[in-house]
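Take a look at the structure set out below.
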Amino acid sequence: MGEQAVIILSGGMDSTTLLYDLVQQGYDVHAVSFDYRQKHRKEIDCAKATCARLGIPHKVIDAGFLGGIAPSSLTRPDWKVPEGSYADDTMKQTVVPNRNMVLLSIAAAYALGTGAHRLFYGAHAGDHTIYPDCRPAFVSAMATAFHLCDWNDLVLEAPYLYLTKGGIVKRGLSLGVDYAMTWTCYAGGEKSCGKCGSCDERLAAFREAGATDPLEYK
């Protein structure tokens, strides 16, 4: 068996691609997903299906408290998920305050409990503009904290931090990722809306990669 590692697997394109990447690199991977009462909980079903296909141990952690204390259009039923691109100021409504710090901290506890020394998550270059907790300075600060938080060292890895989403799709296609088993739309429907910032970014990524998105849209 390879080196043990934990990945935060949302069920979206980026973390799913990273999971395939880690498997190819020979890591003994354990995946963890979070239910924080997000409207797009369909992503968790995708994460489960991918882990079942790849034979990856998978744990879903109830983080519903986050949806209750961190207001966002992703968690509040009376807040409409904004449409448009991530360049629009309205996209800040999709920020769940301090989400990644909370989820990374919980995942770090899980990783240390399993004896893993590496924790991976799928932050990428396209997230830098709108999500403060996906920026290089944040990743660096969390990495420092994880070096200090336990007697056993834990290394935080975000290997796609400077890669575009289109670049991730290209990488995933070379790895054989089945993107029909991923979920991106924030709106919470049975089909992807094609209008929210997340859908807009996904479709642009497939165009950049010169590929066709296998998901069905409204």
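The values are calculated or read from the model by the stated rules, or taken from the named source; none is laboratory data. Keep in mind the model is a prediction, meaning the values are calculated, not measured. Here the Cβ is made from the backbone with ideal geometry for all residues, glycine too, and neighbour counts use every protein chain on show. Side chains are part of the model used for accessible areas, which takes the heavy atoms of the whole protein and leaves out ligands, DNA and RNA. Shrake-Rupley method; radii C 1.70, N 1.55, O 1.52, S 1.80 Å.
Using a probe of 1.4 angstrom, how much of the accessible area of segment 172-218 is carbon and sulfur, in percent?
Details: 1010 of 2140 Å².
Summing carbon and sulfur atoms, their accessible area is 47 percent of the total for segment 172-218.
What FRET efficiency comes out for the pair Glu83/Thr212, r = Cβ-Cβ distance, R0 = 22 Å, nearest 0.05?
Numbers: r = 22 Å, r/R0 = 1.02.
The computed FRET efficiency comes out at 0.45.
Could you run the Karplus curve 6.51 cos²θ - 1.76 cosθ + 1.60 with θ = phi - 60° over segment 59-75 and give me ³J(HN,Hα) per residue in whole Hz, x for Gly and Pro?
With the stated coefficients, segment 59-75 comes to 10, 9, 9, 7, 10, x, 4, 5, x, x, 10, 10, x, 6, 5, 7, 10 Hz.
The chain: longest stretch without exposed GluC sites (Glu not before Pro) (DSSP loop, at most 13 other Cβ within 10 Å), sites themselves excluded? Don't jump to the answer; show the numbers that get you there.
Details: sites that count: Glu3, Glu190, Glu216.
Answer from the scan: 4-189.
Taking amide H positions as placed in the peptide plane 1.01 Å from N, state which residues far from Ile7 in sequence (5 or more) or on other chains have amide H under 5 Å from it.
His30, Ala31, Val32, Phe120
Using a 1.4 angstrom probe, figure out how much accessible area the chain has per residue, in square angstrom, rounded to the nearest whole. Don't skip to the end; give the middle numbers.
Working: 9630 Å² over 218 residues.
I get 44 Å² per residue for this part.
Taking θ as phi - 60°, what are the ³J(HN,Hα) couplings along segment 19-25 by the Karplus curve (6.51, -1.76, 1.60), each to the nearest whole Hz, with x for Gly and Pro?
So the J values, rounded to whole Hz, are 4, 4, 4, 5, 4, 5, 6.
Report the FRET efficiency, 1/(1 + (r/R0)^6), for Ala109 and Glu3, where r is their Cβ-Cβ distance and R0 is 30 Å, rounded to 0.05. The partial results should precede the final answer.
Details: r = 19 Å, r/R0 = 0.64.
Efficiency, from the Cβ-Cβ distance: 0.95.
When the chain is modelled as a GNM with alpha-carbon springs shorter than 10 Å, which of Gly122, Gly64, Gly11 fluctuates the most?
Judging by the Gaussian network model, the answer is Gly64.
Per residue of the chain, what 222 nm ellipticity follows from adding -39500 (n - 2.57) for every DSSP H run with n ≥ 4, rounded to the nearest 500? Could you put the intermediate results ahead of the total?
On the way: 7 runs with 85 residues, N = 218.
Rounded to the nearest 500, it is -12000 deg cm²/dmol.
What does the extension gain come out to for Asp153 and Leu173, with contour length at 0.36 nm per residue minus their alpha carbon separation?
Working: separation 20, 0.36 × 20 = 7.20 nm, distance 3.32 nm.
So the extension gain works out to 3.9 nm.
Label-point separation (nm) for Lys195 and Asp28, each offset 7 Å from Cα along Cα-to-Cβ?
Going from the Lys195 label point to the Asp28 one covers 4.9 nm.
Note the direction-averaged projected area, equal to a quarter of the hull surface, for the Cα convex hull of segment 20-77, in nm². Show your work: numbers first, answer last.
Working: hull surface 17.7 nm².
If I average the Cα hull's projected area over directions, I get 4.4 nm².
Which of the lysines could a cross-linker bridge to Lys218, judged by Cα under 18 Å and excluding same-chain residues fewer than eight apart?
Within the straight-line limit of under 18 Å, Lys218 reaches these lysines: Lys39, Lys42, Lys80, Lys191, Lys195.
Looking at the chain, which longest stretch skips every one of the chymotrypsin sites (Phe, Trp or Tyr not before Pro) that is in a DSSP loop with at most 14 other Cβ atoms within 10 Å, leaving the sites themselves out?
Details: sites that count: Trp79, Trp151, Tyr162.
Answer - 1-78.
Could you give the spread of the C-alpha atoms of the chain along their three principal axes, from largest to smallest, in whole angstroms?
Between the extreme Cα coordinates on each principal axis of the chain lie 47, 39, 28 Å.
At a 1.4 Å probe, what is the % contribution of carbon and sulfur to the accessible area of segment 1-88?
Carbon and sulfur atoms account for 52 percent of the accessible area of segment 1-88.
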